[in-house]
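One structure is given here, and the rest of the page talks about it.
The values are calculated or read from the model by the stated rules, or taken from the named source; none is laboratory data. Because the structure is predicted, anything quoted here is derived from the model rather than measured. Because the Cβ atoms are built from the backbone with ideal geometry, glycine has one as well, and the counts that use them run over all protein chains shown.
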Amino acid sequence: MHVFTTIAELRAWRRQAGFVAFVPTMGNLHEGHISLCRAARAACDQAGGGKVVVSIFVNPLQFGQGEDYLTYPRTFEEDCAKLEAAGVDALFHPDVAALYPRVEQQYKVEPPAIQHELDGQFRPGHFRGVATVVTKLFNIVQPDSAMFGKKDYQQLKVIEGMVMDLDMPIAIVPVDTGRADDGLALSSRNGYLTADERAEAPRLYRNLAAIRTALQNGDSDFVKLTETARADLENHGWRVDYVEIRDQERLEHARPGDKALVILAAARLGRPRLIDNLELTLA
C-alpha cells in the first residue's frame with residue numbers, strides 16, 4: 001500500500017492509476033470503514049480494474065467549539081494494518097498544513113438550508129466543514145466513485161446534492177450501516193462508552209426499529225411515535241437531540257402518504273453522541 005502525505009505525491013501517482021474508487025475517513029477505523037473499502041474494490045472490479053484510495057484526515061473545519069477534535073482517537077498504525085489487510089492500494093494521510101496552508105480557509109462550500117436542521121441544528125457549521133473538505137479531497141484524488149456510509153445519512157445527502165449541483169463527475173455509492181450483533185451502529189466514538197453504557201447503547205437502534213415496525217403496520221402518527229421513542233431514551237439516561245421521521249430524498253419532514261421514509265435520531269449517552277437511522281419504503 002502506498003502512503004502519501006503530500007498532495008503532489010498523490011497527484012503524481014493518480015495520473016497513472018486509471019479508475020479510482022475513494023473512501024474518505026477520519027481514521028480510527030472499524031468494520032464499517034472496511035465495508036466501504038470492500039464496496040470500493042467491488043466498484044473497481046465492475047469497472048474492469050482500478051485502485052482503491054482511502055484518506056485519513058481529522059478535519060478541524062467540521063468540529064464545533066467544545067467538540068472532540070483534539071481528543072478524537074487517532075490510531076494510524078492500526079489503521080494502516082487494517083487497510084493493508086483489506087487490499088487498499090493507496091492511503092492519503094495529509095497533515096492540517098497540507099490541506100489548509102492558510103491560517104484560515106477563506107473559500108468554503110456552503111450547503112443549502114438542510115445543513116441547519118437535524119445534526120446541523122446541534123453542530124453549527126459542521127456540514128459546511130464536511131462539504132469543504134470533501135470537495136478538496138475530490139479535487140485532489142479525482143475519484144471516479146466515492147463510498148459513503150448510510151450511518152451519516154444527512155452527510156450522505158449533502159454530498160449527493162453537492163456532487164449533482166456542482167457537476168462533479170463522481171458516482172456516490174451509499175453503503176449500508178455496519179452494526180454490531182446487538183444492532184448498535186458501528187462508530188469510532190463507540191470507544192468512549194463505558195461497559196454499562198455499551199450495554200445500554202443498542203436502545204437507540206431498538207427504538208428506531210420499533211418506529212419502523214409501527215409505520216409498516218400503518219401507524220401515521222409521526223409525532224406520537226417519535227415522542228414515545230424520545231421518552232424511552234430519556235427515561236434511561238439519554239440526552240436526546242432529536243428523533244425525527246423525514247423523507248429519504250430531500251430530508252423534508254415526512255407527511256402522511258409519503259412512501260420513502262427515513263427515521264433519524266441523535267442522542268448522548270455518557271460522553272459520546274450517537275447517531276443512527278433506518279430507511280423504509282411503504283407499500
*Considering only the range 14-30, state which residues are surrounded by fewer than 23 Cβ atoms within 10 Å (Cβ to Cβ) and assigned to a strand (DSSP E or B).*
Thr25
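Pull up the range 53-89, narrow it to residues that are small (Gly, Ala, Ser) and free of Cβ contacts under 8 Å to residues at least 40 places away in the same chain, then point me to the one that is nearest to Arg271 (Cα to Cα).
Checked the range 53-89; the qualifying residue nearest to Arg271 (Cα to Cα) is Gly66.
Condition check ((1) aliphatic (A, V, I, L, M); (2) under 21 Å from Gly125 (Cα atoms); (3) in a helix (DSSP H, G or I)) across all residues:
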site	(1), (2), (3)
Ala40	yes, no, yes
Asp45	no, no, yes
Val54	yes, no, no
Val58	yes, yes, no
Arg74	no, no, no
*Considering Pro94, Pro143, Pro174, Pro101, which residue is surrounded by fewer than 17 Cβ atoms within 10 Å (Cβ to Cβ) and closer than 24 Å to Ile7 by Cβ?*
Pro101
*the range 196-233, residues that are outside any helix (DSSP H, G or I) and polar (S, T, N, Q)*: Asn217, Ser220
*Name the residues in the range 1-33 that are farther than 16 Å from Gln142 by Cβ and touching a Gly at 6+ places or on another chain (Cβ under 6 Å), would you?*
Glu31, Gly32
*What pairs come up if the first residue lies in the range 198-210 and is under 16 Å from Tyr242 (Cα atoms), the second is among the basic types (Lys, Arg) and in a helix (DSSP H, G or I), and their beta carbons are under 9 Å apart, counting only those six or more places apart or on different chains?*
Asn207/Arg230
*asked:* Of everything in the range 42-57, what is surrounded by fewer than 18 Cβ atoms within 10 Å (Cβ to Cβ) and either of a type outside the set (Asp, Glu) or outside the structural domain of Val141 (by TED's automatic domain parsing) (or both)? Give them in sequence order.
replied: Ala42, Gln46, Ala47, Gly48, Gly49
